[in-house]
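Take a look at the structure below.
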Amino acid sequence: MFFTKSRTRAALVAGAAAGALLLTSCSGGGAGDEGASNAAGPQFIYITSDPIGQNEFLKSGKIGIDSVAEQFEGTSKTYESKDDATRRTNLESAISQAPEVIVMLGFQFADMANELAEANPQQKFLLIDTEVEGAPENLYQATFREQEPSYLLGYEAGLLTEANKVGSIISLDIPLLSKYTAGFAEGAKASNDKVEVIAPQVIGGENAFADTARAKEQAIAYSGTGVDEVFAVGAAANGGIMEAAAEKGFSAYGVDTNQCGMAPGFVVDGSIKSVNRVVETVVGEIMDGVTSKDATTSFGLKEEGMTIVSLDEGAADSQCTVMDSPDVVEKVTQMRDDIVAGKVAVTDPLA
């Protein structure tokens, strides 16, 4: 594995610095949640971009922060945000507590993370899922190579499609999500030169990452194009897309975690984004004194920061329909190995 092991020296230093400060609430509409607790040890704070709710991506970050707190015999605290105002309030509240590391998850933090890291050079920050240029040394950054697992899912779709039409439904038309759609398209074309990739359908609206009703409407409309293999990149809104898949009979692919159980028989597979692995790895490096320049900044298949459900532990019980096609799983396994070995390079659309 790529996360580091017990670090006695770092824990002792952290314990002396952190003291016994605990966050008991989250002002400005946020929600504080205490995780692992040892007031004598170092403190770690995790701030979400949105309420955690059913968002497995955000849940994974909490698992990570609680894990590092346990590893270093300290305390963890989670702040849930709902908009820019609460994100800033939560971040400022976290800074006032002087924890060992403040972890922020989501592209929404980019500007304020850079601003507040510059204003507080003594504080270590970790920004996950986005990056800013010219960041100060105390702002660590980690992104995912979402195009890699997306390529594997597209590879499956190209092998399984009967209509030779595949495509994606995304929450917003933003650069980050293009890594999913581009990877999926590239993988589908790699396995099937006859496949047509339909332009992505955008969920949109005021709550694009959680609005299941709107996601379902957009998915039903998208099914009218004749697409029969659909990559659902809607985070918590994916529940609506899976419902549409069951109603309209197309096959869907989930995102961030195993979503095959949402619509058994209609969800082929899905990507897994291990935010907890990123938190464990980079926070561990910070505690070891690794600089932001030398810390791990990119997580994909090789670093086990991302994978797909059919290649993860428990795949046999995943309810993913691809498990009924062992020949496809075998081909995708080989493709995963080729990507990890550098034999196949997946295009990064943002490079």
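No lab work stands behind these numbers, since they all come straight from the coordinates. This one's a predicted model, so the numbers in the text were calculated from it and none came from an experiment. For neighbour counting, all protein chains shown are included, and Cβ atoms are generated from backbone atoms with ideal geometry for every residue, glycine included.
Would you work out the relative contact order for region 33-108, in percent, from Cα pairs under 8 angstrom that are 6 or more residues apart?
Computed value for region 33-108: 47 percent relative contact order.
For the chain, with equal point scatterers placed on the C-alpha atoms only and solvent neglected, what are the log10 I(q)/I(0) values from the Debye formula at q = 0.08 1/Å, to two decimals?
-0.39
For residue 62, give me every one of the lysines with a C-alpha distance below 26 angstrom, ignoring sequence neighbours fewer than eight places off in its own chain.
Candidates past the 8-residue exclusion: 5, 77, 82, 124, 179, 273, 293, 302.
List the lysines whose alpha-carbon lies under 20 Å from that of residue 216, not counting same-chain residues fewer than 8 positions away?
Answer for residue 216, where 20 Å is the Cα cut-off: 165, 248, listed by chain and number.
Sorted by mean Cβ packing within 10 Å, highest first, what order do the peptides 229-236, 207-214 take?
Answer by packing, highest mean first, reads 229-236, 207-214.
Rank by packing, highest mean first: peptides 324-337, 123-136, with packing defined as the count of other Cβ atoms within 10 Å averaged across residues.
So the order, starting with the most tightly packed, is 123-136, 324-337.
Compare the Cα positions of 99, 64, 136 along the charge dipole of region 52-201 (+1 at Cβ of Lys, Arg; -1 at Cβ of Asp, Glu; about the Cα centre) and return the one farthest towards the positive end.
Value computed over the given set: 64.
Diagonalise the Cα gyration tensor of region 131-283 and give the resulting equivalent ellipsoid semi-axes, square root of 5 times each eigenvalue, largest first, whole Å.
Over the Cα atoms of region 131-283, the semi-axes work out to 27, 18, 14 Å.
Taking every pair of distinct Cα atoms and averaging 1/r, then inverting, what Kirkwood hydrodynamic radius in Å comes out for region 145-204?
11.1
How high is the relative contact order of region 115-264, in percent, counting Cα pairs under 8 Å that sit 6 or more residues apart?
Worked out over region 115-264, it gives 20 percent.
What is the angle, in °, between the Cα long axis of helix 8-18 and the longest principal axis of the Cα atoms in the chain? Nearest 10 is fine, range 0 to 90.
70
Could you give me the ³J(HN,Hα) list for region 153-168, computed from phi with Karplus coefficients 6.51, -1.76, 1.60 and θ = phi - 60°, whole Hz, x at Gly and Pro?
5, x, 4, 4, 4, x, 7, 9, 4, 9, 8, 6, 9, 10, x, 10
Tally the DSSP beta bridges in the chain and give the antiparallel ones as a percent, rounded to 5.
Just about 15 percent of them are antiparallel.
Pull up the cross-link candidates among the aspartates and glutamates for residue 194, meaning alpha carbon to alpha carbon under 12 Å and not fewer than 8 places away within one chain.
Of all the aspartates and glutamates, those that pass the test against residue 194 - Cα under 12 Å, at least 8 places apart if same chain - are 162.
With only alpha-carbon atoms in the gyration tensor, what are the semi-axes of the equivalent ellipsoid for region 210-351, in Å, largest first?
The three semi-axes for region 210-351 are 31, 19, 14 Å.
Rank-order 87-98, 156-167, 252-263 by packing density, defined as the average count of other C-beta atoms within 10 Å over each peptide's residues, highest first.
Ranking, from highest mean packing down: 252-263, 156-167, 87-98.
Over the chain, calculate the relative contact order: mean separation of alpha carbon pairs under 8 Å at least 6 apart, over the residue count, as a percent.
In percent, rounded to a whole number, it is 16.
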